[in-house]
Amino acid sequence: MKAVRFYAAKDVRVDDVPAPSEIGPSQVLIKSSLCGICGTDLHEYLDGPHWTPKVRNPYSGAELPQILGHEFSAQVIEVGKDVATVQAGDRISIQPMIGPPTDYFGRRGLYHFSPLCSSVGLGWPWGGMAEYAVVNDYNAIPLPDDVTDEQGALIEPAAVAVQAVDLGGVRSGDTVLVTGGGPIGVLVAMAARAAGAAQVIISEPSLGRRGKLASLAVADLIIDPTESGFVEAVRAETTENVGVDVAIECSGNPRAFNQCTEVTRALGSVVITGVVHGGANVDPFQWLLKGLTVRASLAYSKDMWPRIIAMIRSGNFPVEKLIDGTISADRILDDGFRRLLDPKESLLKILVKT
């Protein structure tokens with residue numbers, strides 16, 4: 001079968017590999033439908049491995065080269081003898097986190113915190129950018145008929161966004177700042193609105209990306225964080241210029257994180273969901289003076305999928321707005337990774353069909 005595999009930084013190939021031929025009693029053989037290219041995949045391509053295995057994963061058995069793809073929808077082909085949650089022919093969305101179900105974090109559905117964690121498409125022998133894959137039964141979440149394969153492929157990043165909004169404690173009437181207008185930033189803005197935020201502000205330095213965000217109508221104000229007067233401009237949008245109730249950092253930029261803490265009101269919340277490489281200079285004393293709640297948000301719990309599906313079905317979470325187009329796996333580099341990394345482009349999400 002055809003598979004997109006990561007070997008090393010700047011080395012991603014489309015290979016012919018053997019299709020999976022065996023499944024365990026609690027496993028599911030699936031055929032990939034559509035798979036999103038995630039920012040994590042782009043980071044692996046630029047300077048990885050970060051999340052893909054540097055050495056063989058002792059729990060999953062994954063090792064380089066790694067089949068990529070963890071944001072995807074699929075169809076069930078075959079199920080193991082102990083699988084009761086899905087059956088052949090079902091359309092599914094993949095919850096990719098994998099870990100021992102009986103350790104401290106696995107019992108709580110938080111596989112991503114387990115020392116032995118892995119993820120389909122990042123630390124598992126199979127991934128969504130291949131024609132077929134094998135996953136565990138708890139990775140395969142059935143899709144109702146009124147949720148499309150495109151929407152199903154975006155449930156994973158949507159879960160990242162909803163958890164960040166949850167941890168920020170967004171309430172009806174809140175003003176929320178989102179720093180970074182990439183895919184997660186847009187989904188956070190949508191999720192904040194769905195949670196009842198009265199006003200959503202997105203900061204984004206790219207002129208082209210700001211134009212893209214304006215066309216999506218996902219925020220009340222889109223502002224350039226590099227301009228002088230940024231902090232004052234954001235505060236001016238809040239009651240008595242006190243500051244935003246919640247700020248959610250989605251860019252991975254240390255400056256953006258510090259801007260979040262600066263524009264958030266006393267007793268407000270700041271959530272970090274962007275991946276900051278290389279550290280950041282911060283002043284926790286300022287957090288103390290304002291009584292800020294500062295949280296870090298990584299991934300999601302495995303039980304998030306039914307909730308995201310319900311939000312999509314309600315019409316209040318139009319995740320499909322992110323999609324810029326679909327490409328074949330053969331075009332993964334030129335029409336996928338390189339276009340998404342091109343600063344002259346303003347693309348948000350490209351789906352891959354193998």
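The values are calculated or read from the model by the stated rules, or taken from the named source; none is laboratory data. Note that this is a predicted model, so its numbers are computed, not measured. Backbone-built Cβ (ideal geometry, glycine too); neighbour counts: all protein chains shown. With ligands, DNA and RNA removed, areas are computed over all heavy atoms of the protein, side chains included. Shrake-Rupley method; radii C 1.70, N 1.55, O 1.52, S 1.80 Å.
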Legend entry - residue 258, sole failed condition from (1) surrounded by 14 or more Cβ atoms within 10 Å (Cβ to Cβ); (2) polar (S, T, N, Q); (3) touching a residue at least 60 places away in the same chain (Cβ under 8 Å): (3)
Inset, instruction - Say whether the condition of being part of a loop (DSSP other than H, G, I, E, B), open to solvent by 60 Å² or more (accessible area, probe 1.4 Å), of a type in the set (D, E, K, R) and more than 25 Å from residue 222 (Cβ to Cβ) is met by at least one residue in segment 237-249. - result: no
Inset, instruction - From 167, 207, 213, 177, grab the single residue that is more than 16 Å from residue 259 (Cα to Cα), in contact with a helix residue (DSSP H, G or I) (Cβ under 8 Å, 6 or more places away or on another chain) and aliphatic (A, V, I, L, M). - result: 213
Legend entry - segment 9-27 - residue that is open to solvent by 40 Å² or more (accessible area, probe 1.4 Å) and of a type in the set (Gly, Ala, Ser) and, of those, modelled with the lowest pLDDT: 21
Legend entry - Pair list, Cβ under 8 Å, 6 or more apart: segment 266-282 residue on the phi > 0 side of the Ramachandran plot and without any contact (Cβ under 8 Å) to a residue 40 or more places away in the chain, other residue surrounded by fewer than 23 Cβ atoms within 10 Å (Cβ to Cβ) and among the small types (Gly, Ala, Ser): 267/291
Inset, instruction - Answer yes or no as to whether residue 75 is buried (at least 20 other Cβ atoms within 10 Å of the Cβ) and either in contact (Cβ under 8 Å) with a residue 60 or more places away in the chain or in contact with a strand residue (DSSP E or B) (Cβ under 9 Å, 6 or more places away or on another chain) (or both). - result: no
Inset, instruction - Of all residues in segment 65-105, count the ones that are within 30 Å of residue 333 (Cα to Cα), aliphatic (A, V, I, L, M) and outside any strand (DSSP E or B). - result: 1
Inset, instruction - Please verify whether segment 254-263 includes one or more residues that are of a type outside the set (A, V, I, L, M, F, W, C), under 23 Å from the mean Cα position of the chain (by Cα) and under 21 Å from residue 172 (Cβ atoms). - result: no
Inset, instruction - Would you mind finding the one in 120, 83, 79, 55 that is in contact with an Asp or Glu (Cβ under 6 Å, 6 or more places away or on another chain) and of a type outside the set (Phe, Trp, Tyr)? - result: 83
Legend entry - Exclusive hit being aromatic (Phe, Trp, Tyr), open to solvent by 50 Å² or more (accessible area, probe 1.4 Å) and over 23 Å from residue 308 (Cα atoms), set 45, 104: 104
Inset, instruction - Would you be able to tell me the number of residues in segment 145-165 that are over 23 Å from residue 348 (Cα atoms) and out of contact with any strand residue (DSSP E or B) (no Cβ under 9 Å at 6 or more places or on another chain)? - result: 1
